[in-house]
Amino acid sequence: GKVRAPTHIISTISDDRGEEPCYAGVPMSSIVEQGLGVGDVISLLWFKRSLPRYCTKFIEICIMLCADHGPCVSGAHNTIVTARAGKDLVSCLVSGLLTIGPRFGGAIDDAARYFKDAYDRGLTPYEFVESMKKKGIRVPGIGHRIKRGDNRDKRVELLQLFARTNFPSVKYMEYAVQVETYTLSKANNLVLNVDGAIGSLFLDLLAGSGMFTKPEIDEIVGIGYLNGLFVLARSIGLIGHTFDQKRLKQPLYRHPWEDVLYTK
Ligand code: ACO
Ligand code: LMR
């Protein structure tokens with residue numbers, strides 16, 4: 001039989017050895033000929049399967065809606081300061097990306113984990129939120145610096161509308177909405193934010209599409225694929241902010257003394 005030397009790398013998502021590269025076994029030409037989009041490419045390279053059109057469309061909507069949120073948010077601010085320090089595109093991009101985490105844009109995986117666990121265990125929103133409070137953990141996917149109960153996040157509404165129209169089931173999202181109803185009764189800033197909307201809706205996508213087994217869903221949620229959506233999306237905006245600053249020939253940024261409280 002064949003004697004194979006052990007390899008140093010195992011890879012299962014793409015192959016460039018043939019006439020044309022393949023993503024999860026699908027040749028590039030077939031992707032182009034079928035008129036597939038970036039949602040399909042993400043399905044192949046992240047989830048290693050072709051997903052139904054409504055799923056790939058949902059992924060694309062997430063990316064479009066999270067591409068940017070103005071110059072004042074943590075990521076864009078870092079990128080702008082870095083661009084004004086004369087750094088290159090990759091430095092400007094990663095400087096912004098490095099702010100993505102539990103408070104900003106990177107709460108999607110934790111939102112999915114906590115909402116799934118609470119829903120699957122049959123906790124009422126009251127039990128869930130109060131148990132988080134007891135543990136001293138802020139509910140991921142809830143809360144926003146500028147959005148309020150009377151000034152909802154349009155992105156959340158657009159995602160919910162798409163899912164209610166196209167998904168077979170939105171049970172996790174409806175649970176997140178019930179959690180939001182409870183948190184809003186405590187404070188007006190505790191809205192379901194875009195991370196929470198994507199986290200809960202992705203659970204619905206995974207569970208309702210029939211394309212994933214339970215262990216696969218646990219693996220996706222456990223490893224934490226979903227913050228990748230925000231990272232990917234926001235890269236588009238951060239690259240835009242880099243070009244903008246360079247186009248505007250903005251000088252080195254220095255924060256004004258008046259805006260710092262110097263104290264002992
Ligand atoms: N769960 C429970 N209570 C909360 C939450 C939450 N998620 N968020 C705020 N609160 C409460 C707390 O009681 C807080 O008081 P504390 O500072 O004593 O804990 C009070 O509201 C006021 O909160 P602030 O700190 O003033 O809220 P801030 O505007 O600074 O925070 C933030 C906004 C970071 C988004 C916060 O709500 C949070 O941590 N949310 C969870 C993480 C998350 O979902 N981040 C993604 C945001 S969307 C995005 O970045 C694209
Ligand atoms: C974002 O998408 O960057 C925001 O939701 C965060 C913010 O504070 O606006």
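The values are calculated or read from the model by the stated rules, or taken from the named source; none is laboratory data. Note that this is a predicted model, so its numbers are computed, not measured. Note: ideal-geometry Cβ built from the backbone for every residue, glycine included; neighbour counts use all protein chains shown. These area figures cover heavy atoms from the full protein model, side chains too; ligands, DNA and RNA do not enter into them. Shrake-Rupley method; radii C 1.70, N 1.55, O 1.52, S 1.80 Å.
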Q) Going through the range 33-62 one residue at a time, which ones are small (Gly, Ala, Ser), in contact with an Asp or Glu (Cβ under 8 Å, 6 or more places away or on another chain) and either closer than 14 Å to Leu206 by Cα or buried (at least 17 other Cβ atoms within 10 Å of the Cβ) (or both)? A) Gly39, Ser50
Q) Can you name the number of the only condition in (1) open to solvent by less than 10 Å² (accessible area, probe 1.4 Å); (2) closer than 12 Å to Cys62 by Cα that Gly228 fails? A) (1)
Q. Limited to the range 55-75, what total is found for residues that are under 18 Å from Phe104 (Cα atoms) and within 16 Å of the chain's Cα centre (by Cα)?
A. 11
Q. Only one residue in Val194, Val221 is within 16 Å of ligand 2 (Cβ to nearest atom) and closer than 28 Å to Gly96 by Cβ, so which one is that?
A. Val194
Q | Glu180 part of a helix (DSSP H, G or I), closer than 27 Å to Cys55 by Cβ and either among the polar types (S, T, N, Q) or open to solvent by 30 Å² or more (accessible area, probe 1.4 Å) (or both) | A | no
Q | Filter result for Thr99 (open to solvent by 30 Å² or more (accessible area, probe 1.4 Å), within 15 Å of ligand 1 (Cβ to nearest atom) and either closer than 30 Å to Val26 by Cβ or β-branched (Val, Ile, Thr) (or both)) | A | yes
Q. Mind checking which pairs have a first residue in the range 137-152 that is under 14 Å from Asp195 (Cα atoms) and a second that is more than 8 Å from ligand 1 (Cβ to nearest atom) and open to solvent by 50 Å² or more (accessible area, probe 1.4 Å), Cβ under 6 Å, 6 or more apart or different chains?
A. Pro140/Tyr114
Q: Answer yes or no as to whether Val81 is more than 14 Å from ligand 1 (Cβ to nearest atom), closer than 27 Å to Leu205 by Cα, aliphatic (A, V, I, L, M) and over 13 Å from the mean Cα position of the chain (by Cα).
A: no
Q: Starting from the range 239-264, keep only residues that are in contact (Cβ under 8 Å) with a residue 12 or more places away in the chain and open to solvent by 70 Å² or more (accessible area, probe 1.4 Å), then list their pairs with residues that are assigned to a loop (DSSP other than H, G, I, E, B) and not basic (Lys, Arg) whose Cβ atoms are within a distance under 8 Å, requiring at least 6 positions of separation or different chains.
A: Leu252/Ala85; Leu252/Gly86; Tyr253/Ala85
**Q.** helices (runs of 4 or more DSSP H) contained in the range 87-177 and holding at least 2 residues within 16 Å of ligand 2 (Cβ to nearest atom)
**A.** 89-97, 108-120, 154-166
Q: Would you point out which residue out of Arg113, Arg155, Arg145 is within 14 Å of ligand 1 (Cβ to nearest atom), within 21 Å of Leu232 (Cα to Cα) and open to solvent by 40 Å² or more (accessible area, probe 1.4 Å)?
A: Arg113
Q: Any chance you could count how many residues in the range 184-198 are farther than 16 Å from Ala107 by Cα and either polar (S, T, N, Q) or open to solvent by less than 10 Å² (accessible area, probe 1.4 Å) (or both)?
A: 3
